[in-house]
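Let me begin by presenting the structure, written as structure tokens, before commenting on it.
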Amino acid sequence: MTFTSTGSYVATEDLTVAVNAAVALERPLLVKGEPGTGKTELARQVAASLGMPLIEWHVKSTTKAQQGLYEYDAVSRLRDSQLGDARVNDVKNYIRKGKLWQAFEAPERVVLLIDEVDKADIEFPNDLLQELDRMEFHVYETGETIRARHRPVVIITSNNEKELPDAFLRRCFFHYIRFPDVETMKRIVAVHFPDIREALLTTALTQFY
Amino acid sequence: MPGLKKKPSTSEVLDWLKLILAEDLSPEDLRREGKAVLPRLHGALLKTEQDVHLFERLAFMARSGR
């Protein structure tokens with residue numbers, strides 16, 4: 001079970017090494033690089049290549065770590081209690097599962113993409129340390145502990161807008177996607193434009209570089 | 001190694017060794033060959049691209065100074 005280049009995605013050798021090392025270590029793969037270098041696409045390709053479903057969690061500036069675990073919808077419960085809805089007696093009806101929960105309870109091993117982790121505030125990665133390390137978390141409202149049935153392959157991307165804390169970095173396998181050199185760029189172009197004329201490609205790339 | 005933003009910790013060295021064992025690399029594999037200036041599987045040790053660049057520069061300088 002290893003990751004390689006696919007028909008629609010060119011992975012350099014060091015990138016495949018990094019993906020397979022992170023899978024072997026059972027640690028999150030932290031992928032950094034300029035926008036447009038294929039970080040998000042990498043997760044999709046890893047999922048396709050390993051034959052696992054992909055769960056995507058796109059982080060925004062307002063995202064809290066807790067939202068990835070679960071959210072307790074107290075407002076709905078209050079409303080239902082006033083309407084005499086029977087569901088109100090079971091708190092479980094008001095727990096909304098987050099992406100991490102979905103990944104943990106999946107019947108098979110999944111790829112979990114945490115996209116653009118640097119968009120959120122600095123506490124966000126720190127708040128996920130325990131959950132990603134031990135692959136379990138506690139639900140206070142119901143008293144249950146959610147454990148991963150199969151340890152997901154976690155891929156985290158960052159655009160480098162904020163520094164990530166050391167404690168978080170320590171737990172990840174790091175890979176920086178460089179801007180492709182001419183040879184790699186030719187392979188990438190060949191995947192996207194299979195019919196391009198060689199002479200045109202060479203001239204275009206010479207002008208570009 | 002001075003000047004690294006994020007110095008490798010004990011647990012990271014252990015991770016690195018775990019990978020080397022998993023890949024069944026020999027000591028010869030680890031000695032840097034030709035073009036590769038970074039250690040094998042350096043993603044377990046170097047966690048920012050600044051550190052990766054710094055390491056590359058220092059390795060390059062060490063090589064040309066020889």
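The numbers here are math on the coordinates, done by the rules we state, and not lab data. All of these numbers come straight from a predicted model, not from anything done at the bench. No Cβ is skipped: glycine too gets one built from the backbone with ideal geometry, and neighbour counts run over all protein chains shown.
Before moving on, here are some points about what is shown:
- Flag for residue A:99 being basic (Lys, Arg) and touching a strand residue (DSSP E or B) at 6+ places or on another chain (Cβ under 8 Å): yes
- Annotation for region A:73-88: no member residue is part of a loop (DSSP other than H, G, I, E, B), away from chain B (no Cβ under 14 Å) and within 20 Å of the chain's Cα centre (by Cα).
- Pairs with Cβ under 7 Å, 6+ apart, first in region A:18-29 and small (Gly, Ala, Ser), second in a helix (DSSP H, G or I): A:18/B:43; A:21/B:19; A:21/B:43; A:21/B:44; A:24/B:19; A:24/B:22
- Residue in region A:192-208 that is under 20 Å from residue A:29 (Cβ atoms) and assigned to a loop (DSSP other than H, G, I, E, B) present: no
- Spans of helices (runs of 4 or more DSSP H) in region A:1-72 with at least 3 residues within 11 Å of chain B (Cβ to nearest Cβ): A:13-25
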